[in-house]
1. For segment 129-148, name all the residues that are in a loop (DSSP other than H, G, I, E, B) and either surrounded by fewer than 20 Cβ atoms within 10 Å (Cβ to Cβ) or without any contact (Cβ under 8 Å) to a residue 12 or more places away in the chain (or both).
2. Does S106 satisfy the criteria of being polar (S, T, N, Q) and farther than 25 Å from N3 by Cα?
3. Kindly provide the set of residues from segment 81-92 that are out of contact with any Ser or Thr (no Cβ under 7 Å at 6 or more places or on another chain), within 19 Å of K115 (Cα to Cα) and open to solvent by less than 30 Å² (accessible area, probe 1.4 Å), ordered by number.
4. Say we look at segment 134-191 and pick out the residues that are within 16 Å of the chain's Cα centre (by Cα) and of a type in the set (V, I, T); which of these is nearest to L33 (Cα to Cα)?
5. Taking the condition modelled with pLDDT under 95, touching a helix residue (DSSP H, G or I) at 6+ places or on another chain (Cβ under 7 Å), on the phi < 0 side of the Ramachandran plot and surrounded by fewer than 20 Cβ atoms within 10 Å (Cβ to Cβ), does S176 pass?
6. Residues in segment 4-23: is at least one under 14 Å from H111 (Cβ atoms) and touching a helix residue (DSSP H, G or I) at 6+ places or on another chain (Cβ under 9 Å)?
7. Within segment 70-86, is even one residue more than 17 Å from L167 (Cα to Cα) and among the basic types (K, R)?
Amino acid sequence: MYNIPKMKKTLRKYLDAGRYEHTEGVMYTAAALAMRYGEDIEKALVAGLLHDCAKCIPDAKKLKICLKNQITMSETEQKNPFLLHAKVGAYIAREKYGIEDEEILSAIACHTTGKPDMTLLDKIIYIADYIEPMRCKAPNLSDVRKLAFEDIDVTLLKILSDTLAYLRGSAKNMDSMTMKTYAYYKEKALE
């Protein structure tokens, strides 16, 4: 049993108001998706709450944390340390919040890029981060929100596809894991 109110109180100290509001939206959206798909609701609440726990850490400190703790970084992440918040978040969830459940830690670690062969909880956090109520800029968001409660795998592929299209059309750097994840799920959809 996790002490979610205590985690919220601690987390509020480390996130700005907008990020905290987003975090609560992800937490509740993750719980709703967990109910829909039969995942452990408490795990979804905790992973959703802590998914961005490292988001407001300065980039230089994220790099230091990774180097000090042998957290693997891609070349893209090294050049763009803001991308490290997911991996550093999993580390902080373990060290600061006492989370030992590997499923929760995995869901936090892969919530930005996804990864091939995601667990149900991984998918839930990835999708909840994209569709939570405060989000408003993604294309076709109302359709994606509806789809999320109908078919989680189709939703995952749709979000990955839209994310890649956005990244290709912007100056933002694309992590290779997002491309690998998309290729994996595209292949699975064809099976």
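The values are calculated or read from the model by the stated rules, or taken from the named source; none is laboratory data. These numbers come from a predicted model, not from an experiment. Backbone-built Cβ (ideal geometry, glycine too); neighbour counts: all protein chains shown. Accessible surface is based on the protein model in full, side chains and every heavy atom, while ligands, DNA and RNA are left aside. Shrake-Rupley method; radii C 1.70, N 1.55, O 1.52, S 1.80 Å.
1. Of segment 129-148, the ones in a loop (DSSP other than H, G, I, E, B) are 132-140.
The answer is P133, M134, R135, C136, K137, A138, P139, N140.
2. Working: polar (S, T, N, Q): yes; farther than 25 Å from N3 by Cα: no.
It is false that S106 is polar (S, T, N, Q) and farther than 25 Å from N3 by Cα.
3. Here is the first cut: in segment 81-92, the residues out of contact with any Ser or Thr (no Cβ under 7 Å at 6 or more places or on another chain) are 81-82, 84-85, 87-92.
Applying the additional criterion that residues be within 19 Å of K115 (Cα to Cα) yields 81-82, 84-85, 87-91.
Scanning segment 81-92 gives P81, L84, H85, V88, G89, A90.
4. Out of the qualifying residues, it is I152.
5. Values: modelled with pLDDT under 95: yes; touching a helix residue (DSSP H, G or I) at 6+ places or on another chain (Cβ under 7 Å): yes; on the phi < 0 side of the Ramachandran plot: yes; surrounded by fewer than 20 Cβ atoms within 10 Å (Cβ to Cβ): yes.
So S176 passes the test.
6. Taking every residue of segment 4-23 in turn, at least one turns out to be under 14 Å from H111 (Cβ atoms) and touching a helix residue (DSSP H, G or I) at 6+ places or on another chain (Cβ under 9 Å).
7. no
Residue by residue, here is whether (1) buried (at least 23 other Cβ atoms within 10 Å of the Cβ); (2) outside any loop (DSSP other than H, G, I, E, B) holds:
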{"site": "E103", "(1), (2)": "no, yes"}
{"site": "A107", "(1), (2)": "yes, yes"}
{"site": "K115", "(1), (2)": "no, no"}
{"site": "I127", "(1), (2)": "yes, yes"}
{"site": "E150", "(1), (2)": "no, no"}
